[in-house]
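Asker: Mind having a look at this structure? Questions to follow.
Only the coordinates and a few stated rules stand behind these numbers; no lab work does. The structure displayed is predicted, hence computed values, not measured ones. So basically every Cβ, Gly included, is an ideal-geometry build from the backbone, and we count neighbours across all protein chains shown.
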Amino acid sequence: MKVGFIGLGQMGAAMAANLLKAGHEVTVYNRTPAKAATLAREGAEEAVTIADACRGDAVFTMLANDNVVEATVFGEGGIIESLPAGAIHISSSTISVGLAERLTTAHAGVKQGFVAAPVFGRPEIAAVGNLYVVAAGERTAIQTAAPLFDAIGQKTFVVSETPKAAYLVKLSGNFLIGSVIEALGEAMAFVGKGGVDARQYVDILTSTLFGAPVYKTYGSLLAEGKFEPAGFAAPLGQKDIRLVLAAAEELRVPMPIASLLRDRFLTLLADGGDKLDWSAIGALAAQDAGWAAS
């Protein structure tokens, strides 16, 4: 397929590279041209403008937040103006439920397809094409996009014909990851201040009842205190929890743990943690306890 890809951060660059490896014709666009140049050396075509990335069968967006997605889609020369009728916008950015609804309506109005396809997985997982794709959209659009999802992920979960449903799943998943990070941080501060080695503690947890990847990944990061370079930066974590709370308020679903996570992120960012991995919120419990891991 002929595919555009807009947004070449750690995740986007890896996804675009895997589309190339699968034999798709990929045109890439990024506000920082150097990132596009790297993929051009692997066979991608560089787009000078957003419109240049919208000439094919589909265009992916993998962007940081609602504001950037809105500008890319609705701005002059953006996706709405440039994508051919019948082509598909695949949004893998983690965006608000409200924006997903707006995109669904706008694309339908100009006879473009819209598929929500956020992903689960950190950059190292994206690099080897083992992401999990959560997809929602019209059945024919999902079927058309299926080979693209196969190129970037190990499994695709189709959850609904209504795109916003994919973002409810994605945001709830990130809420759960944040909850695990917070709980791990509190537990590790508890045992650590009592004299138990953090690395041994994580090994015990992940070798017994808590063998899931989320405990292994974030338990190790917390035990090592390894928060740089960020695989998923703290401001993005804060953004996702804010979107969870906004959607929960709209649905009238109380989420007190999400409110705690919001405050944890604000504390981390207020203390200059913008460049840290979002798992750094797990270290706040040790600070509260007056204990620092060795």
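Asker: Over 28 Å between Cα atoms: which of Lys35/Lys164; Lys193/Lys216; Lys2/Lys275; Lys35/Lys111 fall into that group? Walk me through the numbers before you get to the answer.
Answerer: Values: Lys35/Lys164 30 Å; Lys193/Lys216 21 Å; Lys2/Lys275 35 Å; Lys35/Lys111 31 Å.
Result: Lys35/Lys164; Lys2/Lys275; Lys35/Lys111 exceed 28 Å.
Asker: For Val128 and Ala289 in one chain, what is 0.36 nm times their gap in residues minus the Cα-Cα distance, to one decimal in nm?
Answerer: Values: separation 161, 0.36 × 161 = 57.96 nm, distance 3.90 nm.
Full-extension gain reported as 54.1 nm.
Asker: I need to check one value: relative contact order of the range 168-288, counting alpha carbon pairs closer than 8 Å and at least 6 residues apart, in percent. All intermediate terms of the calculation are to be shown ahead of the outcome.
Answerer: Working: 132 pairs, mean separation 48.7, N = 121.
Reported as a whole number, the value is 40 percent.
Asker: Now a separate question. Check cross-link reach from Lys170 to the lysines: straight Cα distance under 18 Å, and skip same-chain residues fewer than eight apart.
Answerer: Those lysines meeting the cut-off are Lys155, Lys239.
Asker: Once the dipole of the chain is set up with Lys and Arg at +1 and Asp and Glu at -1 on Cβ about the Cα centre, which of Phe120, Gly272, Ala146 lies farthest towards its positive end?
Answerer: Value computed over the given set: Ala146.
Asker: Pull out the extension gain between Lys275 and Gln143, defined as 0.36 nm times the separation in residues minus the alpha carbon to alpha carbon distance; nm, one decimal. Write down the numbers at each step before the final one.
Answerer: On the way: separation 132, 0.36 × 132 = 47.52 nm, distance 3.82 nm.
Extending this stretch completely gives an extra 43.7 nm.
Asker: Could you check the spin-label model distance between Ala34 and Phe190? Points 7 Å from the Cα along Cα→Cβ, value in nm.
Answerer: 4.5
Asker: Something else: Using the Cα centre as the reference, give the magnitude of the dipole from point charges on the C-beta atoms of the chain (Lys, Arg: +1; Asp, Glu: -1; all else neutral), rounded to the nearest 20 debye.
Answerer: It comes to approximately 280 debye.
Asker: What's the longest piece of the chain with no exposed trypsin sites (Lys or Arg not before Pro), counting a site as exposed if DSSP puts it in a loop and it has at most 15 other beta carbons within 10 Å? Display every interim value, and only then the final one.
Answerer: Numbers: sites that count: Arg31, Arg41, Lys111, Lys226, Arg252, Lys275.
It works out to 112-225.
Asker: Collect residues whose amide H, placed 1.01 Å from N in the peptide plane, falls under 5 Å from the amide H of Glu138; neighbours closer than 5 in sequence don't count.
Answerer: Close amide H contacts, sequence-distant or interchain: Phe114.
Asker: If you compute log10 I(q)/I(0) by the Debye sum over Cα atoms at q = 0.11 Å⁻¹ for the structure shown, which of (i) -0.67; (ii) -0.59; (iii) -0.75 do you land on?
Answerer: Looking at log10 I(q)/I(0) by the Debye sum over Cα atoms at q = 0.11 Å⁻¹ for this model, the match is (i).
Asker: Could you please rank Met1, Met188, placing first whichever residue has the fewest other Cβ atoms within 10 Å of its Cβ?
Answerer: Values: Met1 17, Met188 25.
Going from sparsest to densest Cβ surroundings: Met1, Met188.
Asker: So if each residue of separation counts as 0.36 nm, and I subtract the Cα-Cα distance between Ser207 and Ala106, what length gain in nm does that give? Each step should come with its number before you reach the end.
Answerer: Values: separation 101, 0.36 × 101 = 36.36 nm, distance 4.88 nm.
Once the chain is fully extended between Ser207 and Ala106, it gains 31.5 nm.
Asker: Follow-up. Can you give the helix-only mean residue ellipticity at 222 nm for the chain, where every DSSP H stretch with n ≥ 4 adds -39500 (n - 2.57) and the sum goes over all residues, rounded to the nearest 500 deg cm²/dmol?
Answerer: Details: 13 runs with 155 residues, N = 294.
So the helix-based figure for the chain works out to -16500 deg cm²/dmol.
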